[in-house]
Amino acid sequence: MKRLVEVREAAQAASLPELAVRFEDVEGMPAGRIAAAVVAALTSIQEAQQHRALAMELDMVAINLKNLR
């Protein structure tokens with residue numbers, strides 16, 4: 001969860017509101033919704049070199065999605 005809050009804050013700082021909004025209420029989201037938001041966000045930014053750091057964070061979250069509760 002902490003990583004997704006960091007992604008949200010980094011997206012806001014990088015003027016990426018369309019990415020930040022995906023994780024707006026991440027603290028209260030069910031696991032399935034978090035998983036969908038992570039995959040959608042990763043798909044939308046994975047090709048953008050300027051957002052590589054965010055993509056790497058989302059990759060780490062995606063790898064650990066099975067551990068969400």
Here are a few candidate values for semi-axes √(5λ) of the Cα gyration tensor in Å: (i) 18, 13, 10; (ii) 21, 15, 8; (iii) 34, 10, 9. Which one was actually calculated from the structure I just gave you? (i)
Which whole-Hz ³J(HN,Hα) couplings does region 17-24 yield from phi under the Karplus relation 6.51 cos²θ - 1.76 cosθ + 1.60, θ = phi - 60°, glycine and proline marked x? x, 5, 7, 4, 5, 4, 10, 4
Computing the accessible area with a 1.4 Å probe over protein heavy atoms, can you report the carbon and sulfur percentage for the chain? 53 percent
For the chain, the dipole about the Cα centre with charges only on Cβ (Lys and Arg +1, Asp and Glu -1), to the nearest 20 debye, works out at 260 debye
Give me the accessible area per residue for the chain, probe 1.4 Å, as a whole number in Å². 64 Å²
May I ask for the net charge around Ile63, where only other residues with Cβ less than 12 Å from the Cβ of Ile63 are counted and Lys, Arg are +1 while Asp, Glu are -1? 0
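The values are calculated or read from the model by the stated rules, or taken from the named source; none is laboratory data. Quick caveat: nothing in here was measured; it's all calculated off a predicted structure. Glycine gets a Cβ as well: all are built from the backbone with ideal geometry, and neighbour counts include every protein chain shown. For accessibility, only protein heavy atoms count, side chains too; no ligands or nucleic acids. Shrake-Rupley method; radii C 1.70, N 1.55, O 1.52, S 1.80 Å.
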